[in-house]
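Heads up: the structure comes next, in structure tokens.
Just so it is clear, none of the values below were taken in a lab; they were calculated from the coordinates. Computed from a predicted structure; not experimentally measured. Neighbour counts run over all protein chains shown; Cβ positions are idealised from the backbone, glycine included.
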Amino acid sequence: MKLMGVIGWKNAGKTTLVVKLVTLLVARGFTVSTVKHAHHAFDIDREGKDSHKHRTAGASEVLVTSGARWALMHELRDEEEPGLDEHLKRLSPVDIILVEGFKNHAHPKIEVYRQGQEADLIAPGDPDICAVATDASDVNTDRPLLPLNEPEEIVSFILSFLELPERRG
């Protein structure tokens with residue numbers, strides 16, 4: 001499985017880009033999974049639902065399943081948050097895994113940088129950033145610049161970088 005990260009500061013458009021990349025890669029015939037890191041507590045079920053009742057009663061894991069999908073929730077309780085490598089082991093094999101977040105993990109990443117963004121580029125301090133996807137015209141970096149609003153070009157870059165053959169769905 002090949003891995004490509006998408007990182008950037010808050011509200012840079014990481015999720016928007018990842019969704020476009022997934023859509024385009026799948027349309028070309030690739031299998032794709034995603035990993036999204038959240039910096040805050042999140043919940044995928046709601047109070048009152050049976051799965052929520054199971055978790056709050058103390059279950060370590062709750063598996064919810066139907067004919068359409070399944071989801072496994074694992075409560076960390078007092079455990080330390082697992083790293084990206086541990087999470088990747090849980091995924092079924094696919095052609096490409098897109099990782100949103102996990103800025104500090106060593107894997108190839110594309111930084112999303114927006115015109116007018118006040119924060120500095122991350123790229124100068126991270127050798128794992130292989131390109132910057134931007135809509136700004138004044139970005140000063142030694143990394144390849146990709147047009148943020150042309151996701152097809154970003155997909156072509158990813159496939160080339162990961163040494164995957166071009167496919168047309």
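General observations
- Restricting region 72-128 to trypsin sites (Lys or Arg not before Pro) that sit in a DSSP loop and have at most 14 other Cβ atoms within 10 Å of their own Cβ leaves R77, K89, R90.
- Overall form of region 112-164 per C-alpha gyration tensor (a/c, 1.5; a/b vs b/c): oblate
- Computed from the Cα positions only, the extents of region 79-169 along the three principal axes stand at 41, 40, 19 Å, in decreasing order.
- With the highest mean first, a sort of the peptides 19-25, 52-58 on other beta-carbon atoms found within 10 angstrom per residue produces 19-25, 52-58.
- Rg over Rh for the chain works out to 1.01, both radii taken from alpha-carbon positions and Rh defined as the Kirkwood radius.
- Shown here for region 88-169: GluC sites (Glu not before Pro) in loop regions (DSSP other than H, G, I, E, B) with at most 12 other Cβ atoms within 10 Å, namely E118, E163, E166.
- The chain: calculated mean residue ellipticity at 222 nm from DSSP helix runs of at least 4, using -39500 (n - 2.57): -6000 deg cm²/dmol
- Prolate/oblate/rounded label for region 9-74 (Cα gyration tensor, a/c 1.5): oblate
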